[in-house]
1. Please list, or write none, the aspartates and glutamates whose alpha carbon is within less than 13 Å of the alpha carbon of LYS262, excluding same-chain residues fewer than 8 places away.
2. Just how large is the dipole of the stretch 190-401 about the Cα centre, in debye to the nearest 20, putting +1 at every Lys and Arg Cβ and -1 at every Asp and Glu Cβ?
3. Starting from the 7 Å offset along Cα-to-Cβ, what nm value, one decimal, do you get for the label separation of SER293 and ASP203?
4. Assuming R0 = 35 Å, what is the FRET efficiency of GLU244 and PHE158, from their Cβ-Cβ distance, to the nearest 0.05?
5. Can you give me the solvent accessible area of GLU150 with a 1.4 Å probe, rounded to the nearest 10 Å²?
6. Would you tell me the accessible area of LYS340, worked out with a 1.4 angstrom probe on the heavy atoms of the protein chains, in Å² to the nearest 10?
7. Under a straight-distance cross-link criterion of Cα-Cα below 12 Å, which aspartates and glutamates are reachable from LYS180, leaving out those fewer than 8 residues away in the same chain?
8. Apply the a/c threshold of 1.5 to the C-alpha gyration tensor of the stretch 4-181 and tell me whether it is rounded, prolate or oblate.
Amino acid sequence: MRKRVLLIISGGIAAYRSLELIRRLRERGLSVRCILTKSGSNFVTPLSLSALSEDRVYSDLFSLTDEAEMGHIQLSRDADLLIVVPATANILAKMAAGISDDLATTALLATDKPVMVVPSMNVRMWEHAATQANLQTLVARGVVPVGPVEGAMACGEFGAGRMSEVPEILEAVDAFFAEKANELPLLGRRVLVTSGPTHEEIDPVRFIANRSSGKQGHAVAQALAALGADTTLISGPVSLPDPEGLRTVHVQTALEMLLACKTQLPVDVAVCAAAVADWRIAETSVQKIKKSSDQPPSLNLTENPDILATLAQRTGNKRPGLVVGFAAETENVIENAVKKRDEKGCDWILANDVSPSSGTFGGDENSLHLAHGEGVESWERMTKTDAAQKLARRVCDFFEAA
Ligand code: CTP
């Protein structure tokens, strides 16, 4: 469970202390990635940052390779915490105004993750009404300042504006993660959730589908993300909007869904809530199939891979620590679900009655039975959102007990 820090190093004389900070953060088991501003590169080199972080250093907003390998949006969201160190008066002003004229400020504007700033500047610049107003604006938006402290400055003056020492920054980082661990018990866990139906093409205009709305799967992804999990939702065609605070990958077919799942591995948790089509057309027609006067066309079906079973049967670190499936049943709900759990090799299975009279497909409520190694628990009927939150809590308990 490696927490990830994105360090943004701007151009101040105290930038050299970011090197020591990287070492200390990594000693704590955190992974560190760096963005270096142009002026920051006058004080520390990309090479030393890269050697210490054991990662490449990002600096160019319009670099094709940066964008191809990792867009600035992803860069800013792939971290659990962003730290601007040193934070110059200039970068604080840009952050307050929402200016994004380089990679560092763009990442800061695009992020939905917590931001810490470690100011460092001349005492007059620090005390200037503009800087103080900018800081107030940032604090009101939830940015956490660390320091500055009073002391002798590189410019020869004395006063507030000196950057906090590394141990003080580490203390703030530790306090931040301790608080988050309470609020966000799944912080640092990677999760994948499949949701919705799959569409299996017959010809360019027709496909096989099912009635899954994606409501339950989307709610599960959202509930896990809300507890801090780094969540990827792999969704078949649904009419729901992409949930906030997580990544959504859109797929059409079962084969695409399987590939998208494999790309996410390794993960800590996989929840397969998608109603994957069991069969696809063996050979899809390139042209629209025309009506002919004699026989209607016969559709030759071939079985789709079972995504849940594939994930559950992987070995080593490619097998998620917890694999959860759903069992859509219209009769003998619990009995069939227990059998499905054994057959597919998943850890938990949530069984639900999807017979038309239950109103589950497309509806907002669900009656679930959780089958695990120790037996079956029947949950009362509740909204899909509540069921998702209950499942997410059970996932936390699983990792706490592990
Ligand atoms: N599942 C999957 N890939 C498939 C079929 C199903 O990942 N090709 C997953 C579903 O996401 C769900 C679980 O397997 O978590 C059970 O799905 P369900 O449709 O209830 O069962 P099937 O395996 O399709 O069996 P059957 O249709 O015979 O009941």
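1. Partners within reach: ASP306.
2. Rounded to the nearest 20 debye, it is 480 debye.
3. Label-label distance for SER293 and ASP203, simple model: 1.8 nm.
4. According to the calculation, E is roughly 0.15.
5. Approximately 130 Å² for this residue.
6. Only protein atoms counted, so the area is about 50 Å².
7. ASP80
8. Rounded shape, in that the Cα axes give a/c under 1.5.
The values are calculated or read from the model by the stated rules, or taken from the named source; none is laboratory data. No experiment lies behind these values; they were computed from the predicted model shown. We place every Cβ from the backbone using ideal geometry, glycine too, and count neighbours over all the protein chains shown. Accessible surface is based on the protein model in full, side chains and every heavy atom, while ligands, DNA and RNA are left aside. Shrake-Rupley method; radii C 1.70, N 1.55, O 1.52, S 1.80 Å.
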